[in-house]
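Below is one structure, written out as structure tokens, with a few remarks after it.
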Amino acid sequence: MNTESENGTQSPENAEPPTTPCTVVWSQGRPYVLEPGDGNPRWVGTDNRGRPLKLTGADLRRRGWSLHRAS
């Protein structure tokens, strides 16, 4: 399934986040990095208070995500 629009940006509606380790995506104005590892991959970033936050791919889909930081 191709989820890229004509200008090359990600269309997050129901799209799967990337699966390449160390990929960075943006969600709600914050960066998240995909940590490599065994089992379920986790997206790691921080909450609005700077505390560590781990998300699943499903969490990112619900929150919305992009490959590019919003301007």
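The values are calculated or read from the model by the stated rules, or taken from the named source; none is laboratory data. This structure is a prediction, so every number in the text was calculated from the model and none was measured. Reconstructed Cβ throughout: ideal geometry from the backbone, glycine too, with neighbour counts over all protein chains shown.
Output the number of residues of region 23-60 satisfying the condition of being surrounded by 12 or more Cβ atoms within 10 Å (Cβ to Cβ) and acidic (D, E).
Summing the residues that are surrounded by 12 or more Cβ atoms within 10 Å (Cβ to Cβ) and acidic (D, E) in region 23-60 gives 2.
Condition first: among the acidic types (D, E) and in a strand (DSSP E or B). Can you find one or more residues in region 55-62 that meet it?
No, the conditions are met nowhere in region 55-62.
What number of residues within region 12-59 are over 20 Å from A70 (Cα atoms) and in contact with a Lys or Arg (Cβ under 7 Å, 6 or more places away or on another chain)?
4
Mind telling me which of the residues G45, G57 ends up being small (G, A, S) and at pLDDT 95 or above?
One residue alone meets the criteria, G45.
Inside region 18-44, can you point out the residues that are acidic (D, E) and part of a loop (DSSP other than H, G, I, E, B)?
Scanning region 18-44 gives a single hit, D38.
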